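Participant: The following block contains the structure, expressed as structure tokens.
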Amino acid sequence: MWPRVNGMRALELGFPGDMRDELNALVLTGTKTATTCLLDEYAEETEGLEYVGERQALLDNEGRYVATLEFTGVEVKPFGDVTWEHARAEGEGDASLEAWCDVHRRFWDRAGTPVDDHTVVVCLAFRVAEGG
């Protein structure tokens, strides 16, 4: 199960350390308004999908509350069907959809879960509702 903070499910972006610090900073400045997760992780964690209007607590490297995110979009689709619009909304500076795909494949490879175009992902859009 995911941690709970202030009665909400919690979201921890990327790997702990510099990556999480950088991603959280992008969220807090409004540059990052989307993220992508593997559908299989929900089953492994026995968690349901997010839903539009749900709020989650964004956490830092020490598991401390950073901000409240409100989900504005939830789409389940194959990795190969992720749009440039969604990839660009992740705000991580990728110059193209192909670059975004490469970065995400390397991330999930490093996490021990290789992905291909048929791997099902959850594309989440959000806004900062409180904090930051």
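Participant: Only Cα pairs under 8 Å and at least 6 apart count here; give the relative contact order of the range 11-132 as a rounded whole percent.
Facilitator: For the range 11-132, the relative contact order is 36 percent.
Participant: Only four residue types carry charge here, +1 at the Cβ of Lys and Arg and -1 at the Cβ of Asp and Glu. Report the dipole size of the chain about the Cα centre in Debye, rounded to the nearest 20.
Facilitator: With Lys and Arg at +1 and Asp and Glu at -1, about 360 debye.
Participant: With a cut-off of at most 14 other beta carbons within 10 Å, and DSSP calling the residue loop, which GluC sites (Glu not before Pro) in the range 44-132 qualify? Please list them.
Facilitator: Loop-located and lightly packed - 45, 47, 62.
Participant: Once R0 is set to 30 Å, what does the formula 1/(1 + (r/R0)^6) return for the Cβ-Cβ distance between residue 111 and residue 70, expressed as a FRET efficiency to the nearest 0.05?
Facilitator: The calculated FRET efficiency here is 0.70.
Participant: Taking the convex hull of the Cα atoms, report for the chain its projected area averaged over all directions, in nm².
Facilitator: The number I arrive at for the chain is 7.3 nm².
Participant: Any idea what log10 I(q)/I(0) is at q = 0.18, 0.21, 0.28 Å⁻¹ for the range 34-78, Debye with uniform C-alpha scatterers and no solvent?
Facilitator: Here the Debye-derived log intensity ratios amount to -0.66, -0.87, -1.17.
Participant: From the protein chains alone at 1.4 Å, what is the descending order of accessible area for 105, 127, largest first?
Facilitator: From most exposed to least exposed: 127, 105.
The values are calculated or read from the model by the stated rules, or taken from the named source; none is laboratory data. All of these numbers come straight from a predicted model, not from anything done at the bench. Using ideal geometry, Cβ is built from the backbone for each residue, glycine included, and neighbour counts are taken over all protein chains shown. Ligands, DNA and RNA are stripped out before the accessible areas are found, and what is left, the full protein with its side chains, is counted by its heavy atoms. Shrake-Rupley method; radii C 1.70, N 1.55, O 1.52, S 1.80 Å.
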